[in-house]
Amino acid sequence: MSAARGGAAANDSLRARLRSRLAATRPSAPGEGTLAGLPREISDRYRHLLPATLTPAAVLVPILDHADGLTVLLTERAPDLRHHPGQISFPGGRIEADDAGPLEAALRETEEEIGLSREFVSLAGYLDDHVVISGFRVTPVVAFVRAGFDLRLDRTEVESVFEVPLEFVLDPKHHLPQDRHFQGLTLVTYDIPYQGRQIWGATANMLISLHRRLRET
């Protein structure tokens, strides 16, 4: 088998696995999410440290379906934002009262932030909610994005966008454990460095959650 055929077969396999493992998923019910995407047995130990009321939010995990492979589209937040300036993130935000649910909120926020039209987006499924210490319960909406789209960045929110090969972020050798300190506790989360950028926090943990979902038997 040629290298080109081998690469195409691997890409087809990954596409099929994503569709299969996410097909039956639904948004988490309130209380079902995990703290920062940690394994549930660890998350449950620290649930008492979270705010009593959590704000629902959603992000789009956009998987760009190129002919030569799958990539993940990420944003770099504007440097003068009040919250998390300059961090790597997925497009998204709080779920508003007139949003039909997490999917609608993620699509709306993505159109507002980077101009990616929903006509290019096809839902793959959902990851478990990620509860973050800032008081948000975030639903990751995983979707395939077909080629042909244009982006228009809202520079008040997004400094830049970039792509990372999906196989790279799913490879455990790129998941670097880091100690995070919170209210006197030490939690082990993961960073994913890529070409001088540091993917960390909720964004990295969502990618780690996707990795866990795909490796489930």
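Where a number appears in this text, it was derived from the coordinates with a stated rule and is not lab data. The structure displayed is predicted, hence computed values, not measured ones. FYI the Cβ positions are ideal-geometry reconstructions off the backbone, even for glycines, and counts take in every protein chain you see.
Things worth noting here:
- Length-normalised contact order of the chain in % [C-alpha pairs under 8 Å, at least 6 apart]: 24 percent
- Per-pair calculated FRET efficiency, R0 = 41 Å: Glu159 and Ala10 via Cβ, rounded to 0.05: 0.80
- Zone of Arg212's modelled label, taken as backbone nitrogen in segment 124-167 under 16 Å from a point 7 Å along Cα→Cβ: 126-133, 138-141
- Selected from Leu123, Leu107, Leu81 as most flexible by GNM, with the chain as the system and alpha-carbon contacts under 10 Å: Leu81
- Karplus (6.51, -1.76, 1.60) ³J(HN,Hα), θ = phi - 60°, over segment 58-63, in Hz, Gly and Pro reported as x: 8, 10, 9, 9, x, 9
- For segment 129-137, the Karplus equation 6.51 cos²θ - 1.76 cosθ + 1.60, evaluated at θ = phi - 60°, returns couplings of 4, 10, 8, 10, 5, 6, x, 10, 10 Hz by residue, with Gly and Pro reported as x.
- Around the Cα centre of the chain, unit charges on the Cβ atoms of Lys, Arg, Asp and Glu (plus for the first two, minus for the last two) sum to a dipole of about 700 debye.
- Proximity of backbone amide H atoms, modeled 1.01 Å from N, is registered between Val158 and Ala78 at under 5 Å, excluding neighbours fewer than 5 places apart on the same chain.
- Lys/Arg +1, Asp/Glu -1 at C-beta; the chain dipole; positive extreme among Pro102, Phe90, His174: His174
- Debye, to nearest 20: dipole size of segment 46-161, +1 on Lys, Arg Cβ, -1 on Asp, Glu Cβ: 360 debye
- Derived scalar couplings ³J(HN,Hα) [segment 145-153; Karplus, 6.51 cos²θ - 1.76 cosθ + 1.60; whole Hz; x for Gly, Pro]: 10, 7, 5, x, 7, 10, 10, 9, 7
- Gain on full stretching of the segment that runs from Thr53 to Glu119 - 0.36 nm per residue minus C-alpha separation: 20.3 nm
- Convex hull volume per residue in cubic angstrom - Cα atoms of the chain: 137 Å³
- Dipole axis of segment 72-177 (+1 Lys, Arg; -1 Asp, Glu on Cβ), positive-most option in Val142, Thr75, His130: His130
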